[in-house]
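Okay, so here's the structure we're looking at.
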Amino acid sequence: MARVLISMPEKFLNEIDSVADSENRTRSELIREALRTYMYRSQVRNGKKAVTNAEILDALLG
């Protein structure tokens, strides 16, 4: 597995560690899940935008 170095404020890292500890997970597991969730939500938003844009275009052309 590849490793990635990121920078963040110490306070934020402490909050991440607190959540990970409370869920009995590693910091890496928590961050991976957060990124998967972010990417999924982004895809859903972009998909909805595409549908809306297609509907607008259809209304303008139709």
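Charging the Cβ of each Asp and Glu at -1 and of each Lys and Arg at +1, and nothing else, the dipole of the chain about its Cα centre rounds to 200 debye. In this structure the chain gives 94 Å² per residue of accessible area when probed at 1.4 Å with all protein chains present.
When the inverse distances between all different Cα atoms of the chain are averaged and flipped, the Kirkwood radius reads 14.6 angstrom.
Return the loop-located GluC sites (Glu not before Pro) in the chain (DSSP other than H, G, I, E, B) with at most 13 other Cβ atoms within 10 Å of their own Cβ; answer none if there are none.
Values: sites: Glu10, Glu15, Glu23, Glu29, Glu33, Glu55; in loops: Glu23.
Of the GluC sites (Glu not before Pro), the ones in loops of the chain whose Cβ has at most 13 other Cβ atoms within 10 Å are Glu23.
The long axis of helix 27-61 is offset from the longest Cα principal axis of the chain by roughly 10 degrees.
Once the Cβ-Cβ distance of Leu5 and Leu30 is raised to the sixth power relative to R0 = 25 Å, the FRET efficiency obtained is 0.90. How far, in degrees from 0 to 90, does helix 10-22 lean away from the longest principal axis of the Cα atoms of the chain, to the nearest 10? Value to nearest ten degrees: 90.
Counting only helical runs of four or more DSSP H residues, what would the 222 nm mean residue ellipticity of the chain come to if each run contributes -39,500 (n - 2.57) and the total is spread over all its residues? Numbers along the way, then the final one.
Numbers: 2 runs with 48 residues, N = 62.
That calculation yields -27500 deg cm²/dmol at 222 nm.
The values are calculated or read from the model by the stated rules, or taken from the named source; none is laboratory data. All figures in this text were calculated on a predicted structure; none of them were measured in a lab. Counting neighbours? That spans all protein chains shown, and the Cβs are built from the backbone with ideal geometry, glycine included. Please note that ligands, DNA and RNA were not included when accessible areas were found on the heavy atoms of the full protein model with its side chains. Shrake-Rupley method; radii C 1.70, N 1.55, O 1.52, S 1.80 Å.
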